[in-house]
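> Got a structure here, written out as C-alpha cells. Questions coming.
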Ligand code: ATP
C-alpha cells in the first residue's frame with residue numbers, strides 16, 4: 001500500500017509569512033465604533049442609575065408592578081380581615097349604603113378585575129375602567145404625597161384586557177359616571193398589581209365583539225369602525241366570549257340544560273350516559289363520521305337514539321341524556337353544526353303516544369317560562385344587541401298541535417305548491433311558522449303525524465296506516481311522529497318507536513333506505529325488543545337551536561362555545 005503523505009495543518013503562521021496590517025481606513029472605522037459603543041454604554045449606565053435613583057425615591061414602589069409568575073400576593077397587601085373582598089358585581093349593593101362610603105378616608109376594598117381601558121389624563125392623573133361579571137366601574141389614580149407619578153404612569157399604561165389586583169377606596173364621584181354600569185361609585189386606586197398582562201395589540205377588541213355580527217357583504221363599516229366578521233370572532237373566541245352578551249348567551253344555555261334536567265327528574269326520569277364511539281354506522285349510515293379505532297375503524301354517534309330505546313327495554317322506564325352528537329352533514333347553513341349538544345329523552349307510555357307529546361310540550365313550556373323567570377336580565381342583554389321580537393308563548397295546555405296534513409293545507413291556502421307527503425323545505429317550515437303565529441299567536445308549535453316515508457325506520461306507523469298496509473307500497477301513509485318548532489325552525493324530532501321485534505325487522509327491510517336487521521350495528525338493538533319491550537316514544541332536541549331561536553340569534557354558531565362546522569375544527 002502506498003504510504004499517504006500526512007497533511008499537517010499549521011497552528012500558527014510559518015516563520016517568514018508576510019504580515020499584512022489593517023488599512024488606515026479600517027483603523028479609523030474601528031475607532032469610531034469603539035467610541036460609539038462607549039457612548040451607548042455610558043448612556044445605558046446613566047439611564048440605569050436614573051432609574052435606580054427614581055426607584056429608590058419612588059414612594060409607591062411597593063404598591064404597583066407585575067405579580068410574580070406564581071401569583072403570590074404582595075406581602076403588605078391588606079388581609080381579608082382588614083379589607084373586604086367585594087367583587088365588582090356586588091360593589092354597588094355592598095356600598096349602596098351611603099354610610100359605608102362616608103367613613104373617614106372612605107371604605108377600603110380589594111378586588112380582581114379586567115382592565116377595560118386605561119388612559120393618562122396628565123403626569124399626575126390616570127383613569128382606568130375595571131370590569132368583571134358584567135359590572136364596570138371607573139377608577140382614578142392620582143399622584144399625591146402617598147402615590148408617585150411613576151405609579152400613575154404605570155397604571156395608565158396597563159394594556160386593555162389585562163387582569164389586575166386592586167386595593168382602593170370606594171368614593172362617590174363628583175358626578176355620575178355615564179360610561180360604566182356602576183355610575184354612583186368610583187375607586188381611588190391605592191395599589192395595583194398586574195396578574196395577567198395582555199399584549200398591547202390584540203387581534204380584536206371586546207368592544208368589537210359587543211356589536212352584532214355583520215350581515216354577509218356588509219362587513220365594511222358602521223360609525224366609521226369596520227365590523228369584525230363572525231369568522232374573525234370565532235378565530236379569537238376567548239376574547240369574543242368576554243363580551244357581555246356572549247356571557248349571557250352561555251348562562252342561558254346552561255340554564256336550558258338545568259331546566260331540562262330539573263323537569264325530567266321531577267317526572268321520574270333517570271339521566272343516562274351512552275357511548276359516542278360505535279362499531280358501525282347504525283342509524284342508516286349517512287351523515288356519520290368515521291374514525292380510526294386501533295387496527296379497525298369506529299363511528300361517532302349521530303344521536304343516542306338506539307341506546308336510549310335499549311335502556312327503556314332494559315326497564316329503565318324513563319331516561320334522558322345530555323351529550324354531544326356528531327353529524328357529517330356538509331351543510332353550511334346558519335343552523336347546522338357538525339357537533340352539537342343533544343337533549344334526548346325516551347319513555348314508556350301507557351295508552352297513547354300523545355302522552356309523550358304532552359310531556360314534551362310541558363317540558364318546553366317549563367324551559368321557556370324558566371328562562372323568562374330566571375334569565376330575564378341575560379335575555380334582555382342579548383336582545384339589546386340582536387333586536388328581535390319577544391318569543392310569543394302559548395298558555396299551558398294550549399300549545400298549537402297540528403296534524404302534518406293540516407300544515408300542508410295551511411301552506412297551500414297561502415299559495416305554496418306541495419304534495420300531501422312531501423317533506424317541508426326550510427322556507428316552507430318558516431312560512432308555516434309565520435302562519436301559525438298569525439293564527440294562534442304562538443312562536444312554539446308542534447307538527448304531528450308526519451308521512452311515514454320521511455321518518456326513520458324505527459318510527460311507528462299510525463293505526464290507520466297499519467290497518468291499510470299494502471306490501472306493494474310499504475312506506476305509504478302517516479306515522480306517530482312529531483317535530484317541534486320555534487320561530488318556524490325545527491328544534492326537536494320525535495316519535496313512537498316500534499317495540500315489536502318482528503315488525504321492526506319488517507320495517508327495516510321495507511324502509512325507503514333499507515337496513516339489515518342482522519347487520520353488526522343493529523343486531524343487538526333488534527334483540528332488545530325480542531326480550532319483551534314496552535310501548536315507548538321520545539325525542540331529540542338540539543340545545544344550540546333552542547338558545548339560538550329563544551334569543552333570535554342570526555346564527556347557531558353564536559350558541560356554541562367553540563363551534564364545529566364543515567370548515568372549522570379550531571380553536
Ligand atoms: P334538520 O332538518 O334541521 O337538519 P334533522 O331532521 O336532521 O334536522 P334530527 O336528526 O331530527 O334533525 O335531530 C333532532 C334535533 O337536533 C333537531 O330538531 C335539531 O334541533 C337538532 N339538530 C339536528 N341536526 C343539527 C345540526 N346539524 N346542527 C345543530 N342542531 C341540529
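The values are calculated or read from the model by the stated rules, or taken from the named source; none is laboratory data. Computed from a prediction, not measured in an experiment: that's the story for all the values here. Here the Cβ positions follow ideal geometry from the backbone for every residue, glycine too, while neighbour counts run over all protein chains shown.
> If the requirement is being within 13 Å of the ligand (Cβ to nearest atom) and at pLDDT 95 or above, which of these qualifies: 295, 334, 314, 301? Walk me through how you get there before you give the answer.
Working: 295 fails: within 13 Å of the ligand (Cβ to nearest atom); 334 fails: at pLDDT 95 or above; 314 fails: within 13 Å of the ligand (Cβ to nearest atom).
Going through 295, 334, 314, 301 in turn, just one is within 13 Å of the ligand (Cβ to nearest atom) and at pLDDT 95 or above: 301.
> Let me ask another. List, please: which pairs have Cβ atoms under 6 Å, are six or more places apart or on different chains, and start with a residue in the stretch 465-490 that is free of Cβ contacts under 8 Å to residues at least 40 places away in the same chain and farther than 20 Å from residue 406 by Cβ and end with one that is within 16 Å of the ligand (Cβ to nearest atom) and assigned to a helix (DSSP H, G or I)?
Qualifying pairs under 6 Å: 475/452; 475/453.
> Oh, and also: Search the stretch 303-332 for residues that are under 21 Å from residue 266 (Cα atoms) and pair each with any residue that is within 12 Å of the ligand (Cβ to nearest atom) and part of a loop (DSSP other than H, G, I, E, B) when their beta-carbon atoms are under 8 Å apart and the residues are at least 6 apart or on different chains.
Once the first residue is under 21 Å from residue 266 (Cα atoms) and sits in the stretch 303-332, its partners that are within 12 Å of the ligand (Cβ to nearest atom) and part of a loop (DSSP other than H, G, I, E, B) give 321/304; 323/304.
> Something else: Do we find that residue 496 is out of contact with any helix residue (DSSP H, G or I) (no Cβ under 6 Å at 6 or more places or on another chain) and within 16 Å of the ligand (Cβ to nearest atom) in this structure?
Taking the combined requirement at face value, the residue satisfies it.
> Wholly within the stretch 337-431, which helices (runs of 4 or more DSSP H) include no fewer than the required count, namely at least 1 residues that are within 16 Å of the ligand (Cβ to nearest atom) and crowded, with 19+ Cβ neighbours inside 10 Å?
354-374, 404-413
> Which one of these does residue 466 not meet: (1) in contact with a helix residue (DSSP H, G or I) (Cβ under 7 Å, 6 or more places away or on another chain); (2) over 20 Å from residue 311 (Cβ atoms); (3) assigned to a helix (DSSP H, G or I)?
Every condition holds for residue 466 apart from (1).
> Go through the stretch 285-295 and give me each residue that's surrounded by fewer than 18 Cβ atoms within 10 Å (Cβ to Cβ) and in a loop (DSSP other than H, G, I, E, B).
Passing the criteria: 285, 286, 287, 289, 294, 295.
> Moving to a separate point now. Filter the stretch 533-564 down to the residues that are more than 30 Å from residue 350 (Cα to Cα), surrounded by fewer than 20 Cβ atoms within 10 Å (Cβ to Cβ) and over 14 Å from the mean Cα position of the chain (by Cα) and list them by number.
Within the stretch 533-564, 552, 554 meet the criteria.
> Looking at (1) crowded, with 18+ Cβ neighbours inside 10 Å; (2) out of contact with any helix residue (DSSP H, G or I) (no Cβ under 9 Å at 6 or more places or on another chain), which is the only condition residue 130 fails?
(2)
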